[in-house]
Amino acid sequence: MTKLSVNINKIATLRNSRGGDVPNVVEFAKDVQRFGAQGITIHPRPDERHIKYQDAYDLKSVVNTEYNIEGNPIPKFIDLVLDIRPTQVTLVPDAEDAITSNAGWDTIKHKDFLIDVIKEFKSNGIRTSIFVDPNLHQIEGAKETGTDRVELYTEAYAHHYKLGNKEGINPYMECAGLANALQLGVNAGHDLSLDNIRYFKENIPGLLEVSIGHALVAESLYLGVENVIQMYLHRLK
Ligand SMILES: CC(=O)[C@@H](O)[C@H](O)COP(=O)(O)O
Ligand SMILES: NCC(=O)COP(=O)(O)O
């Protein structure tokens, strides 16, 4: 089974555009869990332009599914995650000014850093995942860091799929196969959508979790949040 973790960054973006508390991210998290989502993902960025650090604390008591916090492990982020102790932390090598995540880790170059950070999170009982491009060397490098899982960066898959280029799945199949063989768990995320999720799920062995935000919120504008969650769950069976 593949778990659906709903990324609620975009709900915070909408709220922040007015400066008040509408829509309320905590209520939204409660609702998507009630509608069947098996996880909540947030990705606080250093400028807090969408999810604020306080949101991460406010969500702690209401997330009764898997709580996944993503981000660049700068000291402030590490402290936040150690304080909250979510189910999972996903490490993403974001530049401070990145509009959205745009690359996976170089697990070879940053091996020593990743080993240290991952050790600290795991020794505090937090499952770890690292965001990687679909590249076999990076999967091998990830294994060396001691991480529990990898999150495959699916932007390229989504792009190829939209162009009708089904072979875009191939590097992801190979990387997931290697990760399975190395006993690394496989998550995936970025630009996954109702259109492209079924083919991804059908072709990726051992897909444990997908985190989806941007498309899911956009689709919900037309179809409604509850319907959209049900549609994802159906495709992820
Ligand atoms: C790691 C990843 O792909 C997502 O967390 C994505 O970057 C969401 O972040 P934004 O909502 O800031 O685009
Ligand atoms: N880890 C990926 C994520 O949380 C959501 O990415 P997107 O669906 O907003 O592109």
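Laid out as a table, the results:
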read-out	value
Estimated vicinal HN-Hα couplings, Hz - the stretch 206-214 in sequence order (Karplus 6.51, -1.76, 1.60; Gly, Pro = x)	x, 6, 8, 7, 10, 10, 9, x, 4
Efficiency of FRET between residue 57 and residue 18 - r from beta-carbon atoms, R0 22 angstrom, step 0.05	0.50
Size of charge dipole - the chain - debye, nearest 20, with Cβ of Lys, Arg +1 and Asp, Glu -1, no other charges	560
Under Karplus coefficients 6.51, -1.76 and 1.60, residue-wise ³J(HN,Hα) of the stretch 197-204 in Hz, glycine/proline x	6, 4, 5, 5, 4, 5, 10, 9
Nonlocal Lys pairs with alpha-carbon distance under 30 Å, the stretch 108-237 (8 or more apart, or different chains)	19
Relative contact order of the stretch 181-237, defined on C-alpha pairs under 8 angstrom at six or more residues apart (%)	40
Long-range HN-HN contacts of residue 130 with modeled amide H, under 5 Å	91, 149, 150, 151
Mean separation of Cα contacts under 8 Å, 6 or more apart, over the residue count of the chain: relative contact order %	20
Cα centroid separation - the stretch 202-228 against the stretch 3-62, whole Å	15
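None of the figures in this text is laboratory data; all of them are computed from the coordinates on show. Remember, it's a predicted structure, so these values are computed and weren't measured experimentally. Neighbour counts run over all protein chains shown; Cβ positions are idealised from the backbone, glycine included.
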